[in-house]
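Each remark here refers to the structure printed beneath this line.
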Amino acid sequence: MGEVNHGRRFATLWLICTIIALPIVIWVIGPHMGYGKAATGAEDQAEAMTVLAATATPFMVLVGLFLIYAAIFFRQPKHEALEGPAVRDNAKIQLTWIVVTSITVLAIAVYGSVELISKYGGGSGSGASPLNRPSHVGLKVQVIGQQWQWTYRWPEFGGVETKGIELPVNQMIEFNVTSLDVIHSWTVKELGIKADANPQVNNIAFTEPTKLTPFEVRCTELCGIWHGAMFGYGRVVSDEEFLRWIRAEQVRNAAVIPHLPPFALTYQPQYGGTHHGGFEEPEESESEKREKEQKASGAGA
Amino acid sequence: MSVAVPATPTSSIDRPGWRKFVGFNIITGLILAAVGYVIGWYIGKALTGGSYYDYIRENTQENDLALFLAYAFAVIGFIGGMGFLNYPLARMAGRPASLREKESDAGLWKYFNLSTDHKVVGKQYLVGIGVWFFIGGLNAMLIRTELLHNTPSFVGPESYLTIVGLHSVIMLGTLTSAVLGPFANYFVPIMIGSRRMAFPRIEALTFWLLMAAGVILMSTILFGGFPTGWTGYQPLNDQAVMGMDSYIMFFALVGISMVLLGMNMIATIVTMRAPGVTWSRLPIFCWATFVTAVLMVLSAPMLIGTLLMAALDRSIGTSFFISIGGGSSYLFENLFWFFGHPEVYILALPGMGLVLEMLPVFARKPLWGYRIAIAGFLGVGLMSFFVWQHHLFMSGINADLRPFYMLSTEIISIPTGFVFLAFIGTLWRSKITFTVPMLFCMAWAFNFLLGGGTGVVLSDVPTDTQLHGGFFVIAHFHYTIMGGLGFAFVGAIYYYVPKMWGLQLSEKIGKVQFWMMFLSFNATFLPIFALGLKGMARRVVYYPADLETLNRFVSIAAYTLFASMLLLVFNVVYSMIIKRYPAEKNPWKSKGIEWTLPTPVPVANFPEGIPDMTDFDPYDYGVPERGAGAGATAAPAGA
């Protein structure tokens, strides 16, 4: 074998590979990370993903490269039965490893926490009373999930209820997400928003759309058989266009608005448990609906 | 610890052959299970006033209470018929303890019955778990077939959810014991120089409970399936048809099995070590088993209690989890993940233990960093109880605490890193022989690296906002569980079968199988990361049309992965049934004590009595380095 200094050779290789890999992760793979960039939150998330990936790269390269290195250089020669050195530990290496990984982990955690709090939850559902609220909320939208559709209520526009959603660009928007039955999760990938819709809970998320773009709304928490079909579309539009749209919705729904329950942050769920004798109606209507859905799916199959 | 070894088999010699089929055995167990099922069903019906609940769904026989009681009585009937109640009942009646241990039964029949021989139980587990692994895999194939198209095409949305649920629950429920069941039950007593487990009947009970649970889970198909996936979130759980009861009963039984298995392992490792097997000389696999067992005992009761509450909600109309009745769906999420997160480490830790146990054998070096690896296990085990709310980052619950859960989740990567350090240190300047088990160890490191690395991205709330509930998460945990535990498990099959059965699995087929499995596994799950980054949600039959091509690629790779598992089955059948390659006593030239025993291992493990292991070192490999550096210390002292 001679006296190959594996330590030095491996360290050099690792350094070279890391120097090669880092720009690739940051500038080649990085732009593909984060699936939507049409809002401030979404951009921050994409950036955070790149930062974390770049932080992890030296460690991933270390272990990955080691596997290859070991497979090449630490092989048992054919037809031999050599033994390796009987070394059992090395305090210096262990200590270094502990210190380096701990510092990295703490740095990541601090970075994530600062990002989370300073960016108003970064588009995530932050509960009924978020830690840090933006001072300038331009628009409030209530998102109501139910099996299996989304409904939007606009408290600043007379509590009108719409099936579709359009949002004005360059304004901080506050989403109040709640559910009428089971847990759903309101997700708009283009805007980097995800907030669970829980029955009788108001879950708030903030974002500021920055681009005029159509977007897709999806449910990402399993909510029953048509969970996969619980998606819809919306648009980020200019201020004027948004006002035109919402006014038209107000006119169109003028006859319905008086019959809606008064606007509230949460509503009485439609689903009251399997066998609650005390709560009239809900079980019946719920089961009928499900029956219908099952029949429909049966006919479709 | 003197042990009376039965000299000759006593029971089955002087009796006619058919006689062994009469008495407490699986036939009686199944008959009593059926009887218990009917009794439970009618008690439930009577308690609820016949078809009291039929108003919910007019044309079905929905009666959750009846089904729960039917399942419960069936299980009691089954374990009673198997003979598990004989011993406690006899003792309670003041009769002397029966010495009728089943260790002496000959032939295949003993594998279908209560056996108190830990080696029989280990084999039972391996075959039983293998069957469930196969069924879970079949479900995965159905999932991938459905996802060939971006609209419902094959099984439809309702069956799809049941199939997704079955796949996940089988894999996370029955395979919880994938390593502790077969390998720890078989080898831990031997490694610590014991003749048996601390509680041999409980050991057998854990296996049969698990099998009964599996059958109950599959019966969900008869009751309409369940739509919740493995998490069983409320109130969807409460809303679901009767098939949900099968899920609840299954997971509760798995929980009971886990607690019993864990307690048995802890008791065995704490109390039954032979002289000389100190804590600092315990084989690393025993340490991993021990920590896993502690996690099982601490976390599974949470699951059992939660599911009991869910069962009460469903059957007698309580409202623990129904917000309109004063309960909370958050409560279920919290309780479930308080079990659910330790559960994933219950799956991961034994895999780490197996890999570190096999590594020195093929590296011809002592295990490097024995203590830091143990610190890693303990750290992972401890931290696993402080991270559960990272599953609820988007839920809105305790949103102000998210920085804490972010930190705790990221901290868990430090002890995980210890295990990697031990892995690297052991292979450093070693002499690796790339046998099939060793290949699986290398693959474990690669897969777990990707699984762990992507976990860091998921632990960060802003990035998790994009990835939560999507395919990225799927790829992440398949890398840690299938790529981690799964690969270690298959590697351990190749490694330990020669000792368990005395037959060698074909290396040639094994190598082909490994490469097929490794490549197709990565071909399946690497693109799933990409699908997640492109925003594909979990558990959906409708997905964006532009992701169809990638999904088809994944499906084809997944079929190949399944084929590689079939090749493993073929290898087992070919090598162990058709060719029957006899294995040497110690084919891997291991220094572990289990390999010094003859094959098959005698019923009493150590017929000459409990060994004195004061000078025994399971990792006694390598040549001492002359003038070794200051950092290198000698063998771990038996402090």
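The values are calculated or read from the model by the stated rules, or taken from the named source; none is laboratory data. Treat the numbers as computed from the prediction; the structure is a model and nothing was measured. Please note: Cβ atoms are built from the backbone with ideal geometry, for glycine as well, and neighbour counts cover all protein chains shown.
What to note about this one:
For every residue, the table says whether it meets (1) more than 25 Å from A:Ala56 (Cα to Cα); (2) β-branched (Val, Ile, Thr); (3) assigned by TED's automatic domain parsing to the domain that holds B:Pro582.
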site	(1), (2), (3)
B:Pro415	no, no, yes
B:Ser430	yes, no, yes
B:Gly453	no, no, yes
B:Ser459	no, no, yes
B:Thr465	no, yes, yes
B:Gly470	no, no, yes
B:His478	no, no, yes
B:Met500	yes, no, yes
B:Gln513	yes, no, yes
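The rows are residues; the columns are (1) of a type in the set (A, V, I, L, M); (2) modelled with pLDDT under 95; (3) under 15 Å from the mean Cα position of the chain (by Cα).
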| position | (1), (2), (3) |
| --- | --- |
| B:Phe223 | no, yes, no |
| B:Asp245 | no, yes, no |
| B:Met263 | yes, no, no |
| B:Thr268 | no, no, no |
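- Selected residue (only one of A:Ile26, A:Ile98, A:Ile93 is assigned to a helix (DSSP H, G or I) and farther than 23 Å from B:Ala375 by Cα): A:Ile26
- Under the condition of being more than 8 Å from chain A (Cβ to nearest Cβ) and modelled with pLDDT under 75, the residues counted in the stretch B:610-639 number 6.
- Top-ranked residue of the stretch B:456-475 - restricted to ones that are surrounded by 24 or more Cβ atoms within 10 Å (Cβ to Cβ) and more than 7 Å from chain A (Cβ to nearest Cβ), ranked as nearest to B:Arg364 (Cα to Cα): B:Ala475
- Among the candidates A:Gly164, A:Gly158, the residue that is more than 26 Å from A:Leu222 (Cα to Cα) and touching a residue at least 60 places away in the same chain (Cβ under 8 Å) is uniquely A:Gly158.
- Residue match in the stretch B:149-158 (condition: within 14 Å of chain A (Cβ to nearest Cβ) and acidic (Asp, Glu)): yes
- In summary, A:Tyr69 fulfils each of the numbered conditions (1) over 30 Å from A:Val169 (Cα atoms); (2) part of a loop (DSSP other than H, G, I, E, B) with the single exception of condition (2).
- Taking the stretch A:165-190 as the range and being more than 16 Å from the chain's Cα centre (by Cα) and not in a strand (DSSP E or B) as the test, the residues that pass are A:Val169, A:Asn170, A:Gln171, A:Leu180, A:Asp181, A:Val182.
- Any hit, the stretch B:362-385, residues being more than 10 Å from chain A (Cβ to nearest Cβ), under 30 Å from A:Arg133 (Cα atoms), surrounded by fewer than 24 Cβ atoms within 10 Å (Cβ to Cβ) and not polar (S, T, N, Q): no
- Some residue of the stretch A:231-244 being more than 14 Å from chain B (Cβ to nearest Cβ), in a strand (DSSP E or B), of a type in the set (D, E, K, R) and under 24 Å from A:Thr178 (Cβ atoms): yes
- Here B:Met442 fulfils each of the conditions (1) within 9 Å of chain A (Cβ to nearest Cβ); (2) within 21 Å of A:Gln76 (Cα to Cα); (3) touching a residue at least 40 places away in the same chain (Cβ under 8 Å); (4) part of a helix (DSSP H, G or I) apart from (3).
- Counted residues, the stretch B:512-532 - those being under 30 Å from B:Asn586 (Cβ atoms) and more than 25 Å from the chain's Cα centre (by Cα): 1
- Residue check for A:Gly127: surrounded by 15 or more Cβ atoms within 10 Å (Cβ to Cβ), part of a helix (DSSP H, G or I) and of a type in the set (Gly, Ala, Ser): no
- Any hit, the stretch B:310-326, residues being aromatic (Phe, Trp, Tyr) and assigned to a helix (DSSP H, G or I): no
- Considering the conditions (1) within 14 Å of chain A (Cβ to nearest Cβ); (2) outside any loop (DSSP other than H, G, I, E, B); (3) within 22 Å of the chain's Cα centre (by Cα), B:Gly232 is excluded by exactly one of them, (2).
- A single entry from B:Trp501, B:Trp515 fulfils the requirement of being within 30 Å of B:Tyr581 (Cβ to Cβ) and modelled with pLDDT under 95: B:Trp501.
- Residue within the stretch B:116-124 that is assigned to a loop (DSSP other than H, G, I, E, B) and surrounded by fewer than 23 Cβ atoms within 10 Å (Cβ to Cβ) present: yes
- Any hit, the stretch B:151-170, residues being part of a loop (DSSP other than H, G, I, E, B) and surrounded by 24 or more Cβ atoms within 10 Å (Cβ to Cβ): no
- Hey, B:Phe562 assigned to a helix (DSSP H, G or I), in contact with a helix residue (DSSP H, G or I) (Cβ under 9 Å, 6 or more places away or on another chain), modelled with pLDDT of 95 or more and crowded, with 23+ Cβ neighbours inside 10 Å or not: no
- Residue selected from the stretch B:393-422 under the condition aliphatic (A, V, I, L, M), in contact (Cβ under 8 Å) with a residue 60 or more places away in the chain and out of contact with any Ser or Thr (no Cβ under 6 Å at 6 or more places or on another chain), by the criterion farthest from the other protein chains (Cβ to nearest Cβ): B:Val419
- In the stretch A:198-220, the qualifying residues are those that are of a type in the set (D, E, K, R) and touching a residue at least 40 places away in the same chain (Cβ under 8 Å), and the one that is nearest to the other protein chains (Cβ to nearest Cβ) is A:Glu208.
- Search result, residues across the stretch A:147-164 that are part of a strand (DSSP E or B) and farther than 18 Å from A:Pro262 by Cβ: A:Gln149, A:Trp150
- Only one of A:Thr50, A:Thr57 that is assigned by TED's automatic domain parsing to the domain that holds A:Leu106 and under 25 Å from A:Leu191 (Cα atoms): A:Thr50
- Residue ID - nearest to the other protein chains (Cβ to nearest Cβ), chosen from residues in the stretch A:102-136 that are of a type in the set (D, E, K, R) and within 21 Å of A:Lys189 (Cβ to Cβ): A:Glu115
- The set of residues from the stretch B:278-331 being among the aromatic types (Phe, Trp, Tyr) and at pLDDT 95 or above comprises B:Phe285, B:Trp287, B:Phe290.
- Matching option when the condition is of a type in the set (Lys, Arg), assigned to a helix (DSSP H, G or I) and either at the interface with chain B (Cβ under 10 Å from one of its Cβ atoms) or within 30 Å of B:Tyr621 (Cα to Cα) (or both), among A:Arg8, A:Arg88: A:Arg8
- Each residue in the stretch B:327-381 was checked for being on the phi > 0 side of the Ramachandran plot and without any contact (Cβ under 8 Å) to a residue 60 or more places away in the chain, and 1 pass.
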